[in-house]
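Quick notes on the structure that follows.
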Ligand code: SF4
């Protein structure tokens, strides 16, 4: 049996409480507030206590999907990424970089937001990047 | 936030909370505020159209007409100046533009503000005195301040008030927006905005262009890009041919849902990278399965600029991949170099090189210290829990002369109620995650509208439990909750529910600077649906 506690940060609000995610053999079995953390101090709100519940939802997306004739069809990563790259490349060539837009995410990590920013600005060459938090 | 959350418990003597349902939106920040009251007798003032939980615990609670925030803030400053409670030394040494601001607030006497906002003049005076005389005082706000056509003005007015009383650059004071989502701060810090590169380095500045040209080998030029609202419109017009959406649900978050649907439905090429098949993903051409926070490594930046680690505890399901890996793979397929990162730790090293406020942040230091508040300009810098100590980044703090403007849509005979929206304790933003969490979803499963008993009588509810709420843009049907928490003439709908989305009603009129839609105020009419009994 592989029992682990991983210290990480709650994904709900901007208070940034830290939690231990308890796992047994790669499955989440519990959440514990970090006692020594400056915000959580051993406490969490109801969202924090249940923060991993959505992770195992049956609704999770598990494979890339491509819409074909109105239906979503499972696809390989190769096929999906190749389609996106060729489509974005073609749009950029025909209509210029500013004909493509990017929405970064208040739920993804800093590193991921940085990469999307670099991809939009350095690779495509557009400043059309924003996130939904102003909404 | 100019200040950090722990200072609320240890330093703040007075909280002025506006437009933040703190107990429900940010429970563990609210508990700091309560601890300050219990342990040190700190005072709590809540100004909100709705009597939220924290309003029940406040020393002074003032309900007011939604959308009149700038008038109320000007009124507070008017009282402080006319009673000589301003911090004269701070104003002389650290600010500019005082005389213009003073002239602008002069007409906002408490009596005039009472006419505009419905807040009694003597109550406004009491609040102004308490805030000005309890230093350090902290202004705390959330989307209630920013989601207006005048959002930028409201934010500047908050800064005016804090500077006027010398509450900037001190522990426990400041202007403190509470970010709704966990990493809004980080998404902005990392350049997820159309006008700035990471670290708020403006695209319009030639030296910044050169810096990123040197680092990345290519840049996006000095033309400011489109905001999210503009992008959605441009997709509808066919001007934006491709849209790539990572971990967001703009369909549900957009102020005018029907319009957003109509626009995104026309997208020539829409890519959605997410963990769930969201309403937006339904319209996509390609959907990519990303990883949830427990399935990847990285960092989040909390609302008080606190950078903390996110650590992988489990594997993503099926073929799903970490979002940073997906972006690297896509960049390589587009023929780009500079995306050969083996881990988020290496990405952070590049961020630190290019982002002055993150320059001293590394995984090694986060491992050792647990967190760092930016600005953290060098590897030996301890981080900055509160900003503007001794000096503002631009030198002197600038007072802005702000005039109150009415919300874009007012009530009239046909649409006699003011609708305001907000969040609930148990749900989160557009509900994509919480509504898939059984324990959270069972707390509040259905959308509802809160109305005052007098209004319930007016619409002849007669014991029926459902109503239709309609604005000039759309209509929804939902349950009614009759409550004195809300003032007559005002109704409240939480915005987490897809089947009765409050955003089908709200106004897409946007603040001209921040481009934030006016979620908090629009005009609606309400009719009872006959035959569904309570
Ligand atoms: S535990 Fe609650 S208060 Fe803490 S970050 Fe999560 S949602 Fe926010």
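The values are calculated or read from the model by the stated rules, or taken from the named source; none is laboratory data. Owing to the predicted nature of the structure, the values given are computational and were not obtained by experimental measurement. Glycine gets a Cβ as well: all are built from the backbone with ideal geometry, and neighbour counts include every protein chain shown.
Got a sec? Which of A:46, A:39 is surrounded by fewer than 21 Cβ atoms within 10 Å (Cβ to Cβ), facing another protein chain (nearest Cβ under 8 Å) and within 9 Å of the ligand (Cβ to nearest atom)?
Exactly one residue qualifies, and that residue is A:46.
Within segment B:357-366, can one find any residue that is surrounded by 24 or more Cβ atoms within 10 Å (Cβ to Cβ), modelled with pLDDT of 95 or more and in contact with a helix residue (DSSP H, G or I) (Cβ under 8 Å, 6 or more places away or on another chain)?
Checked segment B:357-366: at least one residue is surrounded by 24 or more Cβ atoms within 10 Å (Cβ to Cβ), modelled with pLDDT of 95 or more and in contact with a helix residue (DSSP H, G or I) (Cβ under 8 Å, 6 or more places away or on another chain).
Scanning for something buried (at least 24 other Cβ atoms within 10 Å of the Cβ), modelled with pLDDT of 95 or more and more than 7 Å from every other protein chain (Cβ to nearest Cβ), does segment B:326-335 turn up at least one residue?
Within segment B:326-335, one or more residues are buried (at least 24 other Cβ atoms within 10 Å of the Cβ), modelled with pLDDT of 95 or more and more than 7 Å from every other protein chain (Cβ to nearest Cβ).
Have a look at B:89, B:132, B:106 and point out the one that is out of contact with any helix residue (DSSP H, G or I) (no Cβ under 6 Å at 6 or more places or on another chain), within 25 Å of residue B:66 (Cα to Cα) and modelled with pLDDT of 95 or more.
None of the others qualify; the one that does is B:106.
From the list A:70, A:42, which residue is out of contact with any helix residue (DSSP H, G or I) (no Cβ under 9 Å at 6 or more places or on another chain), at pLDDT below 95 and not assigned by TED's automatic domain parsing to the domain that holds residue A:9?
None of the other options fit; the residue is A:70.
Taking segment B:2-27 on its own, how many of its residues are within 14 Å of the ligand (Cβ to nearest atom) and under 17 Å from the mean Cα position of the chain (by Cα)?
9
Being crowded, with 24+ Cβ neighbours inside 10 Å and in a helix (DSSP H, G or I) narrows it down to one residue among A:103, A:81, A:115; which is it?
So the residue among A:103, A:81, A:115 that is crowded, with 24+ Cβ neighbours inside 10 Å and in a helix (DSSP H, G or I) is A:115.
Quick check: anything in segment B:293-316 more than 7 Å from chain A (Cβ to nearest Cβ) and closer than 26 Å to residue A:91 by Cβ?
The answer is no, given that none of the residues of segment B:293-316 is more than 7 Å from chain A (Cβ to nearest Cβ) and closer than 26 Å to residue A:91 by Cβ.
Name every residue in segment B:88-106 that is more than 29 Å from the chain's Cα centre (by Cα) and either in contact (Cβ under 8 Å) with a residue 24 or more places away in the chain or in a strand (DSSP E or B) (or both), in order of residue number.
B:89, B:103, B:106
Of all residues in segment A:8-36 being closer than 16 Å to residue B:313 by Cα and part of a loop (DSSP other than H, G, I, E, B), which is nearest to the ligand (Cβ to nearest atom)?
A:10
Considering every residue within segment B:449-464, establish whether at least one is modelled with pLDDT under 85, at negative phi and not assigned by TED's automatic domain parsing to the domain that holds residue B:250.
yes
Looking only at segment A:49-78, which residues are in a strand (DSSP E or B) and more than 8 Å from chain B (Cβ to nearest Cβ)?
Residues satisfying the conditions are A:68, A:71, A:73, A:74.
Considering only residues that are assigned to a loop (DSSP other than H, G, I, E, B) and at pLDDT below 95, look in segment B:263-275 and name the one that is surrounded by the most Cβ atoms within 10 Å (Cβ to Cβ).
It comes out as B:267.
Mind checking which helices (runs of 4 or more DSSP H) fall wholly inside segment B:1-86 and carry at least 2 residues that are more than 19 Å from residue B:494 (Cα to Cα) and touching a helix residue (DSSP H, G or I) at 6+ places or on another chain (Cβ under 8 Å)?
Ranges flagged: B:5-10, B:27-40, B:69-82.
Residues checked against (1) touching a residue at least 12 places away in the same chain (Cβ under 8 Å); (2) under 30 Å from residue B:178 (Cα atoms):
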site: A:21; (1), (2): yes, yes
site: A:26; (1), (2): yes, no
site: A:34; (1), (2): yes, yes
site: A:47; (1), (2): yes, yes
site: A:54; (1), (2): no, yes
site: A:82; (1), (2): no, no
site: A:85; (1), (2): no, no
site: A:97; (1), (2): yes, no
site: A:112; (1), (2): no, yes
